[in-house]
Structure formats: structure tokens, C-alpha cells
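Colleague: Take a look at this one; I'll ask things after.
The values are calculated or read from the model by the stated rules, or taken from the named source; none is laboratory data. Predicted model, so just to flag it, every value in this text is computed and none were measured. Heads up, the Cβs are rebuilt from the backbone with ideal geometry, glycines too, and the neighbour counts pull from every protein chain shown.
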Amino acid sequence: MKVSHIILFVAACLTVLTSCRKEDVIEKPTVTPVEPSGPADDPSRAVVGFYLLNEGNMGSNKATLDFYDAASGTYTRNIYGAANPSVAKELGDVGNDLAIYGSRLYALINCSNKIEIMDAATCRRIGQVNIPNCRFMAFDGPYLYVTSYAGPVVIDPDYKQLGYVAKVDTATMEVVATATVGFQPDGIAVSGRRLYVANSGGYMAPHYERTMSVIDIPEFRVVDTVDIGLNLGLVLADNCGQIWVASRGNLYDIGPRLYCYDIAAREIVADLEISVGDMWLDDDLIYIVGNEWSNVTMKNTVSYAVVDVRSHKKVADSFITDGTETRISKPYGVAVDPVSKDIYVTDGRNYVNPGDIYCFAPDGTLRWTTPTGDIPAHIAFLRK
């Protein structure tokens, strides 16, 4: 099915909702005209749109999927239920990561302990992989790699359960191996033949983790453990043989940092005082949105930044140039279209009600904004 038919397919599915799920009330998709990304008849359009995974507040079972059609300039909220009317409880509880790999769309649903696998062109469900307290994903060859806290959601300074990375065969959708890492592993990235995993210790405050586990992919075992910083979160690999790791600090006297680890030198080569709520690599630039909460002041500090991976320096305090960042209360997610270079920022607002997504032109001026689901967070661009 062609990508341009996604919305038509979802609309057709609405006609069978009553017969398929008589006992459930499904919120119908909402289509909002916004603005197309370039000429509708542009034959060179490589990115035809994106999916947005809304996390939903923990315990609410309100993770949802939205879709932006770049050709028609329409934004459709909550498409999963209509595309999959026979699936009970829809997506699940807390959407924590999203990716398109090959022809499939992968949505990691943290508190539902699963990765939902869909056809990327239609959003129709193919299957799922069950992994307890799963967090983030990375892909290499025929395998999906998933970080897992392994244990229950509970705050305990004496937490005993180490986390692991699950190796999933994308063809069979089965876990074929696991590698034990540190406590509460979060971000994961692939560089060369190795996986880089950020251990957070997030359940163990004030005894947070500080390490990054390095896994050899062919042997699938930890071959190095690197001391990076306190309470590690997101990880990304650039094109210069470097791993960028975000540290969240302890919310008291140790603030957030962004570290750059040189793989060949096996050392930290940059330590930046930057809060990272989310980050996105585009070419040699990292776009960052930050929400720094302090348990001392009981206040949240919003920030934006752009970092050059070659110079290891912050080259801009913001990528928004027209002052419209004042409309965003809680910047939660960021993404950059690899072709148009439009920049997308999501606003979590109060983390309970629907949020918003903002589209900025490459020069940092606002193009459009529209409501989303609850806690809009993770974007995956869909190519032809």
C-alpha cells in the first residue's frame, strides 16, 4: 500500500470500529490541515511524513500515534486504534521510543513491557516482542537491540536487579540473546561493531549509576565499562567516531552535562554544561531541548542548544530565532527532517492533557503548530 494512502486506509477502518470493538470507545482520528513540506508534486521528496509517538501519562494507558503527511500538509491524531480495531487496549502504557527500520515501524511501550511492530506504510499491526520494562532501541543488520530495566517500576536505593540488552531477531520477532549491563540502562547506540549503553541507576537515588557499558556485537557480551557521569540517559553516535552521552545529574547539587566519548582514544574529550531532555543528530549538529528540574528550588528551567560534533562546542543557545519559543512551556522532544531540514519541537505542557507540536523552518522561524496526544515525544521520519 502506498504511503500516501495511510490516512485513507485509517479512515476506511473507522467504518468497522463498531462491529470490531463494540464494548470499547475509541477516539476517532482527528485530521488537521497544517502546511505541506515543499511542493506537493516534488518528485525528489524523499521524506513523505513522520509518525509521532505520544507517551501518555504513566498508568493511563494512553500511548497514541499521530501521523504528519508532508505532501498534503495534514496532521492526523490517534491513528493506531483505527488502523487496528481488533487490538485490545490499543498501544498501551507509556510510549518510550519509536523507530522505522526497513518496512516496519517499531513503537516501544515501556510500562506495557513490549515493542509493538507495525507496517510502516499502513500502521497495521504485525506483532509484538515482550520485554520487561523496556526503554530504548537500536538496530544493526537483522537485529533489534533493546535496553531493559528487567525489574519492576520501584524506587529503591538498594535495587538488586541489573538491567540487560535484549537481542531480537527482526524476522522472527523473538529474543535470541541477552547481555547483562548496569542498573536501569536507558539510551543505546550503535557504532561500528559495538553497542554503547547508558546505565542510569534511575531507581536507586541517590546512588545513581555512572557507567556506560560497551557490548561487542558479534560476541554479544560486555567488553568494557566506562565511567562517564551521574545518572546517564540518552546516547547517540555521530559520524566522527564519537559517542555523545547525556547525564541528568542528581537534581540537587550536581547539574546535567553532555559528554563526548572518543571511541579510538577511549576517553572523554568534551564535557558540556548542557541539560538534555532530548537530542537529535543532523549531519554534524546536535539539536537539543532541555528541561532541568531542581529539587532545591522546585523549579524547572527550559533551555535549547545546538552543538557541533567536530568542534565539541555549543554553537547556538537556541535554534528558534523568532521568539516563538515563549509559546512552548515544556519542550519535550526534538527532530530534524533530514531532507527539508525543518525542525520539530514537541511541547508536553502539563504532562496530563494533549500537547502540541511546532514546526520551524531551517532558519528558526515558526511555520505551523497543532495539538497532539498526551506528552508528545518521539518522531520517526517515513521515507518513500
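Colleague: Output the residues belonging to region 243-266 that are more than 25 Å from Glu292 (Cα to Cα) and either touching a strand residue (DSSP E or B) at 6+ places or on another chain (Cβ under 7 Å) or crowded, with 22+ Cβ neighbours inside 10 Å (or both).
Modeller: The answer is Asp262, Ile263.
Colleague: Mind checking whether some residue in region 52-72 is in contact with an Asp or Glu (Cβ under 6 Å, 6 or more places away or on another chain), within 12 Å of Leu382 (Cβ to Cβ), in a strand (DSSP E or B) and in contact (Cβ under 8 Å) with a residue 60 or more places away in the chain?
Modeller: So far as region 52-72 goes, yes, one or more of its residues are in contact with an Asp or Glu (Cβ under 6 Å, 6 or more places away or on another chain), within 12 Å of Leu382 (Cβ to Cβ), in a strand (DSSP E or B) and in contact (Cβ under 8 Å) with a residue 60 or more places away in the chain.
Colleague: Taking region 284-295, which residues are assigned to a loop (DSSP other than H, G, I, E, B) and in contact with an Asp or Glu (Cβ under 8 Å, 6 or more places away or on another chain)?
Modeller: Asp284
Colleague: Further question on the same structure: Mind checking whether some residue in region 155-167 is at positive phi, surrounded by 17 or more Cβ atoms within 10 Å (Cβ to Cβ) and in contact (Cβ under 8 Å) with a residue 24 or more places away in the chain?
Modeller: no
Colleague: Hey, which of the strands (runs of 3 or more DSSP E) in region 135-233, taking only ones fully inside, have at least 1 residues that are within 23 Å of Ser275 (Cα to Cα) and not aromatic (Phe, Trp, Tyr)?
Modeller: Values: elements: 143-148, 164-169, 174-180, 185-191, 194-199, 211-216, 221-227.
The strands (runs of 3 or more DSSP E) meeting that bar are 143-148, 185-191, 194-199, 211-216, 221-227.
Colleague: Which residues, counting only those in region 103-131, are among the β-branched types (Val, Ile, Thr) and outside any strand (DSSP E or B)?
Modeller: Hits for region 103-131 are Thr122, Ile131.
Colleague: How many residues does region 336-357 contain that are under 18 Å from Leu281 (Cα atoms), under 19 Å from the mean Cα position of the chain (by Cα) and hydroxyl-bearing (Ser, Thr, Tyr)?
Modeller: 2
Colleague: Return the only residue of Asn291, Asn239 being at pLDDT below 95 and under 21 Å from the mean Cα position of the chain (by Cα). If you could, list the steps in order and put the result at the bottom.
Modeller: Details: Asn239 fails: at pLDDT below 95.
Going through Asn291, Asn239 in turn, the sole match is Asn291.
Colleague: Is there a residue in region 297-311 that is in contact with an Asp or Glu (Cβ under 7 Å, 6 or more places away or on another chain), modelled with pLDDT of 95 or more, among the aliphatic types (A, V, I, L, M) and buried (at least 17 other Cβ atoms within 10 Å of the Cβ)?
Modeller: Taking every residue of region 297-311 in turn, at least one turns out to be in contact with an Asp or Glu (Cβ under 7 Å, 6 or more places away or on another chain), modelled with pLDDT of 95 or more, among the aliphatic types (A, V, I, L, M) and buried (at least 17 other Cβ atoms within 10 Å of the Cβ).
Colleague: List, please: which pairs have Cβ atoms under 6 Å, are six or more places apart or on different chains, and start with a residue in region 100-117 that is under 15 Å from Glu174 (Cβ atoms) and end with one that is among the aromatic types (Phe, Trp, Tyr) and at pLDDT 95 or above?
Modeller: Ile115/Tyr106; Ile117/Tyr106
Colleague: When the residues of region 335-366 are narrowed to those that are aromatic (Phe, Trp, Tyr) and out of contact with any Cys (no Cβ under 9 Å at 6 or more places or on another chain), which ends up modelled with the lowest pLDDT?
Modeller: Tyr351
Colleague: Among the candidates Asp238, Asp224, single out the residue that is touching a residue at least 60 places away in the same chain (Cβ under 8 Å) and either under 30 Å from Ala265 (Cβ atoms) or of a type outside the set (Phe, Trp, Tyr) (or both). Outline the logic, then answer.
Modeller: Details: Asp224 fails: touching a residue at least 60 places away in the same chain (Cβ under 8 Å).
Answer to the selection: Asp238.
Colleague: Could you tell me whether Ile100 is closer than 16 Å to Arg125 by Cα, in a helix (DSSP H, G or I) and either among the hydrophobic types (A, V, I, L, M, F, W, C) or modelled with pLDDT of 90 or more (or both)?
Modeller: no
Colleague: Can you tell me which residue in region 355-384 is nearest to Ser340 (Cα to Cα), limited to those that are of a type in the set (A, V, I, L, M) and not in a strand (DSSP E or B)?
Modeller: Quick first cut of region 355-384, residues of a type in the set (A, V, I, L, M) only: 357, 361, 366, 375, 377, 379-380, 382.
Keeping just the survivors that are not in a strand (DSSP E or B) gives 361, 375.
Working: Ala361: 8, Ile375: 25 Å.
Checking each candidate, the answer is Ala361.
Colleague: State yes or no: is Tyr332 in a strand (DSSP E or B), of a type in the set (Phe, Trp, Tyr), at pLDDT 95 or above and out of contact with any Leu (no Cβ under 8 Å at 6 or more places or on another chain)?
Modeller: Spelling it out, Tyr332 is indeed in a strand (DSSP E or B), of a type in the set (Phe, Trp, Tyr), at pLDDT 95 or above and out of contact with any Leu (no Cβ under 8 Å at 6 or more places or on another chain).
Colleague: Of the residues in region 73-83, how many are more than 22 Å from the chain's Cα centre (by Cα) and part of a loop (DSSP other than H, G, I, E, B)?
Modeller: Residues flagged as more than 22 Å from the chain's Cα centre (by Cα) and part of a loop (DSSP other than H, G, I, E, B) within region 73-83 amount to 1.
Colleague: Are there any pairs with C-beta distances below 7 angstrom linking a residue in region 181-208 that is within 14 Å of Thr147 (Cβ to Cβ) to a residue that is among the basic types (Lys, Arg), with the two at least 6 apart or on different chains, and if so which?
Modeller: Pro185/Arg135; Asp186/Arg135
Yes/no matrix, rows are residues, columns are (1) surrounded by 21 or more Cβ atoms within 10 Å (Cβ to Cβ); (2) small (Gly, Ala, Ser); (3) more than 21 Å from Ala177 (Cα to Cα):
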residue: Ala70; (1), (2), (3): yes, yes, yes
residue: Arg77; (1), (2), (3): yes, no, yes
residue: Gly81; (1), (2), (3): yes, yes, yes
residue: Ser86; (1), (2), (3): no, yes, yes
residue: Gly95; (1), (2), (3): yes, yes, yes
residue: Ile100; (1), (2), (3): no, no, yes
residue: Tyr106; (1), (2), (3): yes, no, no
residue: Val129; (1), (2), (3): yes, no, no
residue: Arg135; (1), (2), (3): yes, no, no
